[in-house]
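Visitor: Structure provided below as structure tokens; questions to follow.
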Amino acid sequence: MAKTQLNVRVDEDTARAARERALARGVSVNRYIEELVKQDVGEVGHTFVEAAADFMKQYESVFAEEFGTEREGTRPVRETAPSVRAPYESARPLGQGLR
């Protein structure tokens, strides 16, 4: 990937800390800053997962009412292979699971 030059101004303490941290990690200051930015960008994914978990917790009672609580945290064990299920089981509308 092509590199682009980016010039930034920071106070001397920040510059010293960046140099020390880069040296301790065995990388250049450029590489250290690049890794910090990539890490920061990657946190968007973590934020999404946290928001999804909050959503699930907020609507936990709605899900329990719709799908029941006996399945909570686990997947049901099938007694028969999917290929030999009765035809009516696969014809149910979405959201109407077995109870």
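Visitor: Do any residues in the stretch 53-71 that are outside any helix (DSSP H, G or I) have Cβ atoms under 8 Å from those of residues that are exposed (fewer than 11 other Cβ atoms within 10 Å of the Cβ), where the two are at least six apart or on different chains, and which pairs are they?
Guide: Filtered contacts from the stretch 53-71: 68/99.
Visitor: Just the residues that are of a type in the set (D, E, K, R) and over 23 Å from residue 3 (Cα atoms), please, taken from the stretch 16-68.
Guide: 16, 20, 50, 54, 57, 60, 65, 66
Visitor: Follow-up. Kindly indicate whether residue 34 is at pLDDT 85 or above, at negative phi, surrounded by 10 or more Cβ atoms within 10 Å (Cβ to Cβ) and among the acidic types (Asp, Glu).
Guide: Taking the combined requirement at face value, the residue satisfies it.
The values are calculated or read from the model by the stated rules, or taken from the named source; none is laboratory data. Small disclaimer: the values here were computed from a predicted structure and weren't measured. Cβ coordinates were reconstructed from backbone atoms using ideal geometry, including for glycine residues, and neighbour counts include every protein chain displayed.
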